[in-house]
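J.: Got a structure here, written out as structure tokens. Questions coming.
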Amino acid sequence: MKSLVTVSRDSDSLLTLDEAKKWLRVEGTEEDALIAAIMKGAVSYAENYLNKTVGNNTYHMAMDSFESAIQLLRPPVNEVTKIEYVDTEGVLQEFDLLLTKLDKDSGKIYLNAGESWPDIANEPFAVHIYYTCTGMFAASEADDVLDAIKLTLTYRYDYRDDPNQRWRKASDNILTPLRIIPFE
């Protein structure tokens, strides 16, 4: 079993607050916090729907055990910054990254020849991997993702009191061709 937590998300890499305000035709700073929150939610929604990284993110993935090739979620991956594990004594240890190699495009971590993963505690989420990703979209895909984010931003800003989520259908129609559906 795997768990993924976004440690940090740089939404400004795709759409800045000033660009969002210009798009929404908002002047002044009274609603900056609201717009920033809606924008962050729109980017998060796009990433979760696509199963891809849109901006520049740092992730923490936890899993029950080591695999021969570890598939990181939301590739492409810029770098793995840390691999930790709970050893058989229950102590958190750091694994030497020099013993691994990373296929950035696929997001897979492999052991170097002759190396092996350490023995770990038999407990849920005994392995912790920290890594960074940057959304890599072709120009036309980036435009589509940005359009979906702006559509979500506009609807959620204009109709913030509406409990219906009609924006999803339009946003999903734009994002569906770009979506990765993982199999496990």
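Each reported figure results from applying straightforward, stated rules to the coordinates on display, with no laboratory input. Quick caveat, the model's predicted, so the values are computed rather than measured. Glycine also receives a Cβ, built like all others from the backbone with ideal geometry; neighbour counts cover every protein chain displayed.
J.: Kindly put Leu24, Leu72, Leu92 in sequence by how many other C-beta atoms sit within 10 Å of each C-beta, fewest to most.
T.: Going from least to most buried by this count: Leu92, Leu24, Leu72.
J.: Looking at the chain, which longest stretch skips every one of the trypsin sites (Lys or Arg not before Pro) that is in a DSSP loop with at most 14 other Cβ atoms within 10 Å, leaving the sites themselves out?
T.: 26-159
J.: On a 20 Å Cα-Cα criterion, which of the cross-link pairs Lys82/Lys108; Lys40/Lys150; Lys2/Lys169; Lys2/Lys108; Lys52/Lys108; Lys108/Lys150 come out too long?
T.: Over 20 Å apart, Cα to Cα: Lys2/Lys169; Lys108/Lys150.
J.: Using a Förster distance of 41 Å, how high is the FRET efficiency between Glu67 and Glu30, based on the Cβ-Cβ distance and rounded to 0.05?
T.: According to the calculation, E is roughly 0.25.
J.: Exposure proxy check: Phe95, Phe125 ranked by fewest other beta carbons within 10 Å?
T.: By the 10 Å Cβ count, ascending: Phe125, Phe95.
J.: Follow-up. Using Cα pairs closer than 8 Å and at least 6 residues apart in sequence, work out the relative contact order for the stretch 56-134, in percent.
T.: 51 percent
J.: Can you pull the Kirkwood radius for the stretch 49-135, inverse mean 1/r over Cα pairs, to one decimal in Å?
T.: It is 13.3 Å.
J.: Quick check on the exposure proxy: order Ile174, Ile83 from fewest to most C-beta atoms within 10 angstrom. Could the numbers behind the result be given before it?
T.: Values: Ile174 19, Ile83 22.
Starting with the residue having the fewest Cβ neighbours, the order is Ile174, Ile83.
J.: Using all Cα-Cα distances in the chain, what percent lands in each 5 angstrom bin from 0 up to the longest?
T.: Spelled out per bin, shortest first, that is 1, 7, 15, 17, 16, 13, 10, 8, 6, 4, 2, 0, 0.
J.: For the stretch 95-158, what is the convex hull volume of the alpha-carbon atoms per residue, in Å³?
T.: Expressed per residue, the convex hull around the Cα atoms of the stretch 95-158 is 138 Å³.
J.: Let me ask something else. List the relative contact order of the chain as a percent without decimals, with contacts defined as Cα pairs under 8 Å and 6+ residues apart.
T.: After rounding, I find 28 percent.
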